[in-house]
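These notes concern the structure reproduced below.
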Amino acid sequence: MGAVKKQTNAPAKEKSTEYFKGVWSELKKVHWPDRKQLLTYTGVVLVAVAIVSVMLWIVDSGLGIVITKILG
């Protein structure tokens, strides 16, 4: 059995106003990082991306060599 949805016949303007009030309410609850935290988090992400990129490059190169030896 499915959930029963409550249907409202409110105009689109009221629905959108209510939606954006909810969005604003949720944004007030967000913990926004300060500049130092933001730079730290960005550095961590860049280092992680660099490590994963190197790992993928190594795997890709290794598979390329294997495929070349098999087909070549």
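We did not get these values from a lab; they are worked out from the coordinates using the rules stated. Source: prediction; values computed, not measured. Reconstructed Cβ throughout: ideal geometry from the backbone, glycine too, with neighbour counts over all protein chains shown.
For the chain, the extents of the C-alpha atoms along the principal axes are 69, 45, 25 Å, listed from largest to smallest. Taking the C-alpha atoms only, the angle from helix 35-71 to the longest principal axis of the chain is near 40 degrees. What range in the chain is the longest one free of trypsin sites (Lys or Arg not before Pro) that are in a loop by DSSP and have at most 14 other Cβ atoms within 10 angstrom? By the stated rule (loop sites, at most 14 other Cβ atoms within 10 Å), 7-72.
I'd like the orientation of helix 12-29 relative to the chain: the angle between its Cα long axis and the longest Cα principal axis, in ° from 0 to 90, rounded to 10. The angle comes out at about 60 degrees.
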